[in-house]
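The structure that follows is given in the form of structure tokens.
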Amino acid sequence: MSEKLDKLRAALEKEKERRIKINNRIESLERRIQEAEAAEVNEMVRSARVTPEQLAALLRQSATTTPTPAALSAVGATFNNREDSNDEDDE
């Protein structure tokens with residue numbers, strides 16, 4: 001085979017290896033994003049002090065309307081006011 005074809009095939013193999021590494025990196029980043037999103041949602045649910053049943057009711061409501069404070073109260077959700085209590089300490 002010609003030298004030019006050998007160089008092109010070698011370059012192709014090198015780029016394929018790079019693509020595999022990039023795809024692995026993309027998968028890793030997507031997995032980390034998914035884990036971070038799950039942790040964030042978990043923290044929101046914990047701060048709202050909702051039970052699994054209340055969360056299910058909120059999700060059903062949100063399928064048709066945007067949850068409002070009234071909707072949250074209707075299912076018995078309460079919120080930690082960590083930020084509010086910090087503000088009171090400053091006064």
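All of the numbers you see were taken from the coordinates with simple rules; none came from a lab. Keep in mind it's a predicted model, so treat the numbers as computed, not measured. Using ideal geometry, Cβ is built from the backbone for each residue, glycine included, and neighbour counts are taken over all protein chains shown.
Expressed in whole Å with the largest first, what are the equivalent ellipsoid semi-axes of the range 1-48 derived from the C-alpha gyration tensor as the square root of 5 times each eigenvalue? Mind showing how you got there, number by number?
Numbers: eigenvalues 427, 3, 3 Å².
Largest first, the range 1-48 gives 46, 4, 4 Å.
Each label point is 7 Å from the Cα along the Cα-to-Cβ direction; what then is the distance between the points at Lys16 and Ala48, in nm?
Taking the two extended label points, one gets 4.9 nm.
Stretched out fully, how many nm does the piece from Asn23 to Lys4 gain, at 0.36 nm a residue minus the Cα gap?
Working: separation 19, 0.36 × 19 = 6.84 nm, distance 2.85 nm.
So the chain would gain 4.0 nm between Asn23 and Lys4.
Given the peptides 32-42, 54-64, arrange them by the average over their residues of other C-beta atoms within 10 Å, most packed first. If you can, show how the numbers build up before the last one.
Values: 32-42: 10.1, 54-64: 12.8.
By packing density, highest mean first, the sequence is 54-64, 32-42.
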